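Written out below as structure tokens is the structure these notes cover.
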Amino acid sequence: MSRGVINNTSVFAYMQSEYLSSKTNKASVGKTMRLSDGTNLIYCKAATALMAGNVVYANPTKLEAKSVSTISEVSEDTITVTATAVNHVFDNGYLCVTTGLGNKYTYSIKSHKTIGNTVMFTLNDTLIAKVDTTSKVTIISNLYNNSSSSGVIALGVSLVNIAIGEHFWVVCKGIVGAVSSEVVAIGKAVATNGTGAIKAAIAGDYIIGYTLTASVINEISPIYINI
């Protein structure tokens, strides 16, 4: 960690350098780290090979508008829905109650298990509001656990080349070099082209930062990223 970590050192001492990748996880996927120069990073796991200087994307698994199958009361920490799911795919993900009783609340998922045609989600916290069979939920996996070289949900920029299955840090706030798909003038807002490069932001784009120099096509240019 050449720039120094300003998080609690007793918690972060075991973490890998921002310039290294690892087949084994050295921290929880989704863990954040802030360096002494103000750079913010998030710990990810790669589902595809990734290149240094390229934008990295989320590729989450989703279950949408699934019906709650049993009543869960306030103070309980489980919600059971009519669905099927591969074990652990939604661990450390999120469950959002979208309609019906108990709607508007979002919970983080500790674990889950499939029982027949239902999935019981154990939450990290107890329910704020009761849910019943009128309730529907949408579940999304940990955004950082299936990082990809293409997509629509940008996570940040990789500092190093990454192999499939490796764990690594992605820069989500601060100065970082990013490959450009077009010429962008200095100080202009940038978005991503969906395949790893930055481009000039236009109406409707999600802005991920701005240029610090005029960018050159297919070359790395410094940007200030802020996701």
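The values are calculated or read from the model by the stated rules, or taken from the named source; none is laboratory data. Just so we're clear, the structure is a prediction, and the values are computed from it rather than from any experiment. Cβ sites come from the backbone with ideal geometry, for glycine too, and all protein chains shown count toward neighbours.
Which of the residues belonging to region 121-179 are in contact with a Pro (Cβ under 8 Å, 6 or more places away or on another chain), among the aliphatic types (A, V, I, L, M) and closer than 19 Å to T80 by Cα?
I140
Conditions tested, residue by residue: (1) under 13 Å from the mean Cα position of the chain (by Cα); (2) modelled with pLDDT under 95; (3) not in a strand (DSSP E or B).
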| residue | (1), (2), (3) |
| --- | --- |
| T138 | no, no, no |
| V171 | yes, no, no |
| G187 | no, no, yes |
| S221 | no, no, no |
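Counting only residues that are hydroxyl-bearing (S, T, Y) and more than 29 Å from V56 (Cβ to Cβ), how many does region 123-151 have?
Summing the residues that are hydroxyl-bearing (S, T, Y) and more than 29 Å from V56 (Cβ to Cβ) in region 123-151 gives 4.
Condition first: acidic (D, E) and touching a Gly at 6+ places or on another chain (Cβ under 8 Å). Can you find one or more residues in region 126-138 that meet it? Walk me through it before giving the result.
Step one: filter region 126-138 for residues acidic (D, E), giving 132.
Right, trim to touching a Gly at 6+ places or on another chain (Cβ under 8 Å) and you get 132.
Yes; the residues of region 126-138 include at least one that is acidic (D, E) and touching a Gly at 6+ places or on another chain (Cβ under 8 Å).
Go through region 175-214 and give me each residue that's out of contact with any Lys or Arg (no Cβ under 9 Å at 6 or more places or on another chain) and closer than 18 Å to L159 by Cβ.
I175, V176, G177, A178, V179, G196, A197, I198, I208, L212
Of these, V170, V131, which one is touching a strand residue (DSSP E or B) at 6+ places or on another chain (Cβ under 6 Å), crowded, with 22+ Cβ neighbours inside 10 Å and within 18 Å of G30 (Cα to Cα)?
That would be V170, the only listed residue that is touching a strand residue (DSSP E or B) at 6+ places or on another chain (Cβ under 6 Å), crowded, with 22+ Cβ neighbours inside 10 Å and within 18 Å of G30 (Cα to Cα).
If you check V179, V184, V160, which single one turns out to be of a type in the set (V, I, T), surrounded by 14 or more Cβ atoms within 10 Å (Cβ to Cβ), over 26 Å from G30 (Cα atoms) and touching a residue at least 24 places away in the same chain (Cβ under 8 Å)?
Only one candidate passes the filter, namely V184.
Counting only residues that are among the small types (G, A, S) and in a strand (DSSP E or B), which one in region 189-219 is surrounded by the fewest Cβ atoms within 10 Å (Cβ to Cβ)?
This residue is A189.
For region 128-177, give me the residue count where each residue is within 22 Å of S72 (Cβ to Cβ) and charged (D, E, K, R).
Residues meeting the conditions: 3.
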